[in-house]
Amino acid sequence: MTTTLRSPVLLGVILAAGCSNGHSSPPSMAKSETPAAALPPAAPALAVRGIDLPGATADGVYMDYLAYDRAGHRVWVPAGNTGSVDVIDTRSDTLTRIDGFPTAEMERRGKKRTVGPSSATVGDGVVYVGNRADSKVCAIDAATLKLAGCTQLASMPDGLQYVARTREVWVTTPRDNTVTILDVSDPRTPKAKTVLHLEGQPEGFAVDEPRGVFYTNFEDKDRTLTLDLASKQVTRTWEPHCGEDGPKGIAVDHASNQVLVACADHVVVLDAEHGGAELARIDTGDGVDDIGYVEARHEVFVGAARAGKLTVARLDPAAHTLTAVAVVPTADGARNAVATEDGVAYLTDAREGKILVVEPVR
């Protein structure tokens with residue numbers, strides 16, 4: 001089923017942040033866009049709108065990780081309790097629903113909820129989707145959007161990361177302190193390959209293929225670690241000093257070999273060349289999980305769910321600074337941004353069953 005869904009502009013939001021500590025307060029939510037002329041120099045004019053997801057219930061749509069296919073100009077939205085994966089064309093807003101995925105009712109922290117597809121990663125002509133309901137990872141043809149092969153995991157998948165260098169998909173499976181590696185040498189037929197047993201709960205994922213490194217965190221131990229892609233062994237362990245909530249998402253600036261690690265209310269930049277030393281940090285508001293990074297723009301997009309705002313910050317690898325360029329009010333619970341090469345961010349708004357789009361005012 002293909003539909004075009006355009007929600008009206010939710011709010012016009014601009015906040016230039018010429019400081020590097022991210023302490024500026026967001027403006028109140030407005031109904032119309034603020035003219036660019038009212039902004040300080042170099043502050044981007046951004047507006048927020050929503051794209052409604054089909055099948056939303058009164059509880060919304062449970063979402064976790066999004067994926068952006070830069071070649072196909074599509075955002076992939078595993079839409080949990082709806083039993084579908086929704087694919088948004090970033091050029092037209094056309095939404096295509098891929099349905100038929102299993103769902104299951106589970107209890108977490110004393111509350112029952114329905115889970116289903118929850119994570120995705122873009123591979124070689126396919127997109128891999130992890131499903132918490134049946135602990136499977138399935139391949140979907142990136143062009144036709146048709147389901148291909150699936151493989152069963154021994155543990156529930158969390159995050160997925162495609163690794164072109166080894167033709168593998170690395171899957172964080174934190175419930176049993178493991179990372180599960182899939183063989184995708186035949187892209188349409190993923191197969192379980194090996195399970196790496198770790199000393200903590202892996203959370204977050206990133207890959208530096210030229211250096212042969214996979215990154216993850218131990219959320220329960222406040223550690224960031226690297227694994228060698230060839231030997232599958234842990235090679236380095238760093239302390240991001242995130243606190244008791246632990247580290248969340250990760251992104252890599254490959255040219256400078258600097259690593260951005262998301263904590264619950266801030267982002268730190270670690271120096272991979274010098275033992276993970278902290279180079280910079282920025283406060284973002286509470287409720288951060290995954291982060292989006294566009295390396296060509298040196299911009300990181302950080303959705304703070306509890307603070308209800310998106311921070312766009314620019315990394316200067318040479319000066320070792322991370323500076324906010326915009327802070328945008330979004331919605332309570334909005335998080336896990338991915339961003340396009342044009343600096344357009346997509347965030348989950350699970351409670352309202354929407355994807356929020358934060359984009360430059362044209």
(request) Give the number of residues within the stretch 232-252 that are outside any loop (DSSP other than H, G, I, E, B) and among the charged types (D, E, K, R). (result) 1
(request) Working only within the stretch 327-362, note down all residues that are closer than 18 Å to His73 by Cβ, acidic (Asp, Glu) and assigned to a strand (DSSP E or B). (result) Glu359
(request) Sort out which residues of the stretch 249-268 are in contact with an Asp or Glu (Cβ under 8 Å, 6 or more places away or on another chain), of a type outside the set (A, V, I, L, M, F, W, C) and over 14 Å from Gly287 (Cα atoms), and write them in order of number. (result) Asp253, His254, Asn257, Gln258
(message) For the stretch 208-225, which positions are surrounded by fewer than 19 Cβ atoms within 10 Å (Cβ to Cβ) and either part of a strand (DSSP E or B) or polar (S, T, N, Q) (or both)?
(response) Asp208
(request) State all residues of the stretch 69-85 that are surrounded by fewer than 22 Cβ atoms within 10 Å (Cβ to Cβ), on the phi < 0 side of the Ramachandran plot and outside any strand (DSSP E or B); if no residue qualifies, say none. (result) Arg70, Ala71, Gly72
(message) Here is a list: Thr348, Thr321. Which entry is closer than 26 Å to Val87 by Cβ and polar (S, T, N, Q)?
(response) Thr348
(message) What pairs come out if I take residues in the stretch 190-213 that are within 24 Å of Thr151 (Cα to Cα) and pair them with residues that are surrounded by 20 or more Cβ atoms within 10 Å (Cβ to Cβ) and of a type in the set (Lys, Arg) whose C-beta lies under 8 Å away, six or more apart or interchain?
(response) Glu203/Lys248; Gly204/Lys248
(message) Can you list residue pairs whose Cβ atoms sit under 6 Å apart, with the first residue in the stretch 243-261 being touching a residue at least 12 places away in the same chain (Cβ under 8 Å) and the second being surrounded by fewer than 13 Cβ atoms within 10 Å (Cβ to Cβ) and of a type outside the set (Lys, Arg)? Count only pairs 6 or more apart in sequence or on different chains.
(response) Asn257/Glu273
(request) Filter the stretch 246-277 down to the residues that are within 20 Å of Asp220 (Cα to Cα) and of a type in the set (D, E, K, R), then identify the one that is nearest to the chain's Cα centre (by Cα). (result) Lys248
(request) Quick one: which residue in Ala120, Ala139, Ala104, Ala143 is over 21 Å from the mean Cα position of the chain (by Cα), of a type outside the set (Val, Ile, Thr), within 17 Å of Ala79 (Cα to Cα) and modelled with pLDDT of 95 or more? (result) Ala104
(message) Quick check on the stretch 222-238. Is at least one of its residues in contact with a Gly (Cβ under 6 Å, 6 or more places away or on another chain) and under 30 Å from Val328 (Cα atoms)?
(response) yes
(request) Exactly one condition in (1) within 27 Å of Tyr62 (Cβ to Cβ); (2) buried (at least 23 other Cβ atoms within 10 Å of the Cβ) is not met by Glu359; state its number. (result) (2)
(request) Can you confirm whether the stretch 204-221 contains a residue that is touching a Pro at 6+ places or on another chain (Cβ under 9 Å), over 19 Å from Val129 (Cβ atoms) and among the hydroxyl-bearing types (Ser, Thr, Tyr)? (result) yes
(request) Identify the residue in the stretch 270-292 that is in contact with an Asp or Glu (Cβ under 7 Å, 6 or more places away or on another chain) and in a strand (DSSP E or B) and, among all such residues, is surrounded by the most Cβ atoms within 10 Å (Cβ to Cβ). (result) Val288
(message) For Arg236, only one of the following conditions fails: (1) surrounded by fewer than 20 Cβ atoms within 10 Å (Cβ to Cβ); (2) over 20 Å from Thr172 (Cα atoms); (3) touching a Leu at 6+ places or on another chain (Cβ under 8 Å). What is its number?
(response) (2)
(request) Report, by residue number, each residue of the stretch 296-343 that is in contact (Cβ under 8 Å) with a residue 24 or more places away in the chain and charged (D, E, K, R). (result) Arg297, Glu299, Arg306, Lys309, Asp332, Arg335, Glu341
(message) Tell me which strands (runs of 3 or more DSSP E) are completely within the stretch 86-196 and hold 3 or more residues being crowded, with 16+ Cβ neighbours inside 10 Å, or say none if there are none.
(response) 94-99, 117-122, 126-131, 136-141, 147-152, 160-163, 168-173, 178-183
(message) I need the full set of residues from the stretch 160-201 which are of a type outside the set (S, T, N, Q), over 15 Å from Ala139 (Cα atoms) and touching a strand residue (DSSP E or B) at 6+ places or on another chain (Cβ under 6 Å), in order please.
(response) Pro174, Val179, Lys193, Val195, Leu196, His197, Gly200
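The values are calculated or read from the model by the stated rules, or taken from the named source; none is laboratory data. For clarity, every value in this text was computed on a predicted model and none was experimentally measured. With ideal geometry, Cβ positions are generated from the backbone for all residues, glycine too; neighbour counts draw on all protein chains shown.
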